[in-house]
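The values are calculated or read from the model by the stated rules, or taken from the named source; none is laboratory data. Quantities reported herein were computed from a predicted structural model and do not represent experimental measurements. So basically every Cβ, Gly included, is an ideal-geometry build from the backbone, and we count neighbours across all protein chains shown.
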Amino acid sequence: MLSQQNRNLFKLVIGQALLLISFTMYSTVLLYLLVQQYKANAHIVAIFGGMAAVPPALIIFLSPKLGRIKNNKRILINLQLISTITILVDGIFLIKHINLSSIGVLYFILSAVSTISGSVEVGFVPIVFQEDEDMIEKSVDFQYFMGAGIIILTNIVSSLMLVRHDSFWLLMTSFISAPIGIIFYRSISYDTSLNIQNSIEQNVPEHSYLKQMLDSLYQFSHTMPAFLIILFEAILGGLTGLLFQLLPLTMKELGLSVAVFSIVNAVQKTGDLVGGIFAPLIKWNASTFFTLDYVVSGSCFIGATLSINNFMRLALLLIAGIVMGMSGNVFEKLMYRSFNVGNISAMHALVTSTFALFSVVSYFAVWINVKTLILWKIVGIITIIFGLIIVLYHQKKEDKL
């Protein structure tokens, strides 16, 4: 049994790695060609980023349907096939320089399918490992470090290939790796008789489900300081996502090659990985940590806009990435410490939709007629202000005691 689960773990991790390589390389080429080939401005780039954020914002409305899925593997592979075909067609459209509206529609479909696929996979993993908690946690550990490592390496390789060659071979690699990844998923074998029961009875009336969602929303918005931190993290997550989406334009403003944006992404992801490694050593409470997080990362964002050496800019982004990488671990612990574990799934769905909602809203910032370097400075200032608000809230709470 253990050897079978280890084989499944290997197949799952390799399959995820190959699909991640495909999606990352495709996304890199898309951003590169939007600026380099289509001469897209910040508005166009932001629209594409916003399209990717809409499906996660709406995924909460599909939660009842997702909870009733029985054959996770078949549906998951079908969704992966749709994603692979979409990447292939959209990649051909990019090569043929087809109009942006067609590329945008396919990109939105890819984002929607990938979002649903991610939720389906969450339900697939426990079945694969027969609800073995140790194996499930091991798979999560592998996925986290593998994902960060692959994104770093893929960004570096992509940048070098874009500088020395062009986007064609990156797209070819993307086209090839995804089908191979699906093959690994298809080869996963497990006991299909295992049936994990849904915590919500299938015959619960619709109005009861809606009332449950309203109760969850009330609990979500009245749990302090968790809600305050979640709100700030969602706003900043949307804004920083916008900044990194606009990196190709930022490179042009700095007088650098557009292809260099992939290296900058890799530096940030390296910091994220390092932060994740050291995060378990953090013993501070959430309020103290996020105050420090916001002050440090906000200061780094502001510093990166100053007239300094480009290597210093990379160093500041690395420091910000490390602190932000730590925050992911602390944030997950905050979730479990603040909310009822029996209702954690509903809380997590609300958090996901909150993050995605602010990601969509943040893309409207590009309609402010300012350079992207000014946006970096504005986001830095907002980040520091959020840190100070947490300090004031914590101080006010202590004064009441």
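What the table below lists for this structure:
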{"item": "Options 145, 129, 124; residue that is aromatic (Phe, Trp, Tyr), surrounded by fewer than 16 Cβ atoms within 10 Å (Cβ to Cβ), out of contact with any strand residue (DSSP E or B) (no Cβ under 6 Å at 6 or more places or on another chain) and at pLDDT below 85", "result": "145"}
{"item": "Qualifying residue in the range 376-384 (condition: over 20 Å from the mean Cα position of the chain (by Cα), closer than 13 Å to residue 246 by Cβ and either assigned by TED's automatic domain parsing to the domain that holds residue 313 or modelled with pLDDT of 75 or more (or both))", "result": "yes"}
{"item": "Single residue of 292, 316, 306, 256 found to be assigned to a loop (DSSP other than H, G, I, E, B), modelled with pLDDT of 85 or more and aliphatic (A, V, I, L, M)", "result": "306"}
{"item": "Cβ pairs under 7 Å, 6+ apart, first in the range 108-131 and assigned by TED's automatic domain parsing to the domain that holds residue 84 and closer than 15 Å to residue 22 by Cβ, second at pLDDT 70 or above and polar (S, T, N, Q)", "result": "110/83; 110/86; 113/83; 113/86; 114/83; 117/80; 117/83"}
{"item": "Residue that is surrounded by 20 or more Cβ atoms within 10 Å (Cβ to Cβ) and either modelled with pLDDT of 80 or more or in the same structural domain as residue 284 (by TED's automatic domain parsing) (or both), where the choices are 328, 342, 321", "result": "321"}
{"item": "Index of the failed condition, residue 188 passing every other in (1) modelled with pLDDT of 75 or more; (2) crowded, with 16+ Cβ neighbours inside 10 Å; (3) out of contact with any Gly (no Cβ under 9 Å at 6 or more places or on another chain)", "result": "(3)"}
{"item": "Which listed residue, of 12, 30, is among the aliphatic types (A, V, I, L, M), within 16 Å of residue 244 (Cα to Cα) and part of a helix (DSSP H, G or I)", "result": "30"}
{"item": "Flag for residue 289 being free of Cβ contacts under 8 Å to residues at least 60 places away in the same chain, at negative phi, in contact with a helix residue (DSSP H, G or I) (Cβ under 8 Å, 6 or more places away or on another chain) and surrounded by fewer than 16 Cβ atoms within 10 Å (Cβ to Cβ)", "result": "no"}
{"item": "Residue in the range 268-281 that is among the aromatic types (Phe, Trp, Tyr), part of a helix (DSSP H, G or I), surrounded by fewer than 19 Cβ atoms within 10 Å (Cβ to Cβ) and in the same structural domain as residue 232 (by TED's automatic domain parsing) present", "result": "yes"}
{"item": "Test: residue in the range 95-112 that is in a helix (DSSP H, G or I), modelled with pLDDT of 90 or more, among the β-branched types (Val, Ile, Thr) and in contact with a Phe, Trp or Tyr (Cβ under 7 Å, 6 or more places away or on another chain)", "result": "yes"}
{"item": "Looking only at the range 352-375, and only at residues there that are at pLDDT 75 or above and more than 16 Å from the chain's Cα centre (by Cα), the one that is nearest to residue 293 (Cα to Cα)", "result": "375"}
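This table checks each residue for (1) surrounded by fewer than 19 Cβ atoms within 10 Å (Cβ to Cβ); (2) without any contact (Cβ under 8 Å) to a residue 40 or more places away in the chain; (3) within 21 Å of the chain's Cα centre (by Cα); (4) over 26 Å from residue 182 (Cβ atoms).
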| site | (1), (2), (3), (4) |
| --- | --- |
| 14 | yes, no, yes, no |
| 19 | no, no, yes, no |
| 26 | no, no, yes, no |
| 36 | yes, no, no, yes |
| 49 | no, no, yes, yes |
| 55 | no, no, yes, no |
